[in-house]
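For reference, the structure discussed in these notes is given below.
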Amino acid sequence: MADSLNGKAAITGIGETEYSRGADKSSIGLMLEASLKAILDAGLKPQDIDGVIPYSLGPVGEEIMTGLNLTDVRFSAQTPMGGASPVAALQCAAAVIAAGVCNHVLVVLGRRGSSDSRVANRIAAMPQFRQISEFENPIGAIAPAQLYAPMARRHMELYGTNEDQFAEIAVTMREHAMLNDNAIMKKPMTVEDHHASRMISDPFRLFDCCLESDGGTAVIVSAADRAKDSRAPVTILGVAEGHPDSPSTITQRPDLMTLGLAKAAPRAFEMAGVKHADIDVAQIYDCFTYMVICELEDLGFCKKGEGGAYVEGGRIRLGGELPTNTHGGLLSQAHIAGMNHVYELVRQLRGEGGAAQVAGAEIGLVTGYGDLGDGSVAIMQKAS
Amino acid sequence: MSDPYLKPLPEPSIDSLPYWEGLKDRRVMLQRCSDCRTVRHYPRPMCGECHSMEVDWIEASGKGRVYSWTVAHHPFHIGFKAETPYILATVDLEEGVRIQSQLLDVDPADMKIGLAVEVIFGQATDDLVLPYFRVAK
């Protein structure tokens, strides 16, 4: 069981559109553009795709099949876990590949998060937020910033986590984005800039919050024996999803600060057969600065309560012990719901990270986080 | 003519209707499992402890302590624009469940984990009463 998906699948192709605040394409247009790039990057033709997992908000699998003219899809599904969806979709893809159902699964996300429905409206329409909507919207708890801020506040009160540590994360993401040609935020940011940005939902300031972006990102997950012919396959060593207690509501959770990732991470590391010290580069879902701290703890890079101190001193910057979000993350590259994190990990492990390349990166990790606390994590390695 | 009510309205379900009806009588009603007597919230059809679907409704004391909070500055919904900034508190009720609502008339600088609070009620519309909190007297 522990190593059930280790080495069964590899990411063979990646594709992304331009990320922006005003795309001239529809969501399905962005998805198709990214998908075609990923298919060609994998050295495949559209007809080779036999599985499709689109993001759970937006155009459905049938539209992808119609758009790309896929005529032999044997599996389609969604993994409706908000920002945890893309990495959870990798597990779903690897599982159907290991079961022999598919050879090449397209995982794709495209949306107009800036130009069309903004986040507060989006989540109110999502079935997984039904309980939140009924009980918490009427009293004014509406947006993720408001729902997650109490987690950060309690962490600060109990462990002394502070806004300088939040700023370190925001500034690091910005520095990394400035090395990325496909990043939206290119203006330098200082700690003082962070502290001067307006309060959104205390303790979250504007620069603690992710962007709202337009764009599309896709990856191709292929069976290991089919991946050998591709240009630069990256093997999935371990992958897992986890759900916090009381997943449908944050407030009813016994511990607000321990999330689904804490359940997924031990399974992924055991499956991968690697240790934390083996991780050369990490892409951590950063919808808010605090979430990076929480996830580093839930992943086991440090103990609960120590995440604030962990990010100090440049540890998560390029050149540090755990270079994190080398693309700039949701905070400064773009909010493609973490599909851009998957893309970036593959880019790094291929050695194609450009100015943000982590020297000698061989093994890396990517997380997803969403829907109030669901978590997902994949550990990958460049195929030998 | 009163101003239109712009805030989101709840859509009660079979499971939650007694909660919303209780609020009209200015009572916070909680589900308690008829079999193992575990109290739960938000309302839902099955006891997570013993999986019984039999339920009694009990009235909460309305007293609790702050578990965490946020001060909402940015209005994500037009209905709340006039009242920002407001405090959203997550409160541990004496009955052992949590409830989230606005904590009124408190300086954010005085907020702390464990702050003793009590429920008060606000008439939102003719058909809707919402629970809020204030610092316990």
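A few points about this structure:
- Residue tally, condition touching a Gly at 6+ places or on another chain (Cβ under 7 Å) and over 19 Å from A:LEU158 (Cβ atoms), over region B:83-116: 4
- When residues in region A:157-175 are screened for being assigned to a helix (DSSP H, G or I) and either open to solvent by 30 Å² or more (accessible area, probe 1.4 Å) or facing another protein chain (nearest Cβ under 8 Å) (or both), 6 of them pass.
- Of all residue pairs spaced 6 or more apart or on separate chains, those with beta-carbon atoms under 8 Å, a first member in region A:188-215 that is within 14 Å of chain B (Cβ to nearest Cβ) and a second member that is of a type in the set (Phe, Trp, Tyr) and open to solvent by 40 Å² or more (accessible area, probe 1.4 Å) are A:SER197/A:PHE207.
- Taken together, the criteria exclude A:PRO150 from residues that are more than 30 Å from A:ALA355 (Cβ to Cβ), out of contact with any helix residue (DSSP H, G or I) (no Cβ under 9 Å at 6 or more places or on another chain) and more than 10 Å from chain B (Cβ to nearest Cβ).
- Subset tally (residues that are among the polar types (S, T, N, Q) and farther than 25 Å from B:HIS51 by Cβ) for region B:1-39: 1
- Helices (runs of 4 or more DSSP H) wholly inside region A:69-137 that include at least 1 residues being touching a strand residue (DSSP E or B) at 6+ places or on another chain (Cβ under 9 Å) and surrounded by fewer than 18 Cβ atoms within 10 Å (Cβ to Cβ): A:85-98
- Test for B:SER101: is it of a type in the set (Gly, Ala, Ser), within 10 Å of chain A (Cβ to nearest Cβ), in contact with a Lys or Arg (Cβ under 6 Å, 6 or more places away or on another chain) and under 18 Å from A:ILE139 (Cα atoms): no
- Residue count for region A:284-314, restricted to those that are more than 15 Å from A:LEU365 (Cβ to Cβ), open to solvent by 20 Å² or more (accessible area, probe 1.4 Å) and in a loop (DSSP other than H, G, I, E, B): 3
- Boolean, A:ILE142 is among the β-branched types (Val, Ile, Thr), under 29 Å from A:GLN252 (Cβ atoms) and either over 20 Å from the mean Cα position of the chain (by Cα) or assigned to a helix (DSSP H, G or I) (or both): yes
The values are calculated or read from the model by the stated rules, or taken from the named source; none is laboratory data. Only a predicted model underlies this, so the values are computations on that prediction, with no experimental measurement involved. Note: ideal-geometry Cβ built from the backbone for every residue, glycine included; neighbour counts use all protein chains shown. SASA here: full protein model, heavy atoms, side chains in, ligands and nucleic acids out. Shrake-Rupley method; radii C 1.70, N 1.55, O 1.52, S 1.80 Å.
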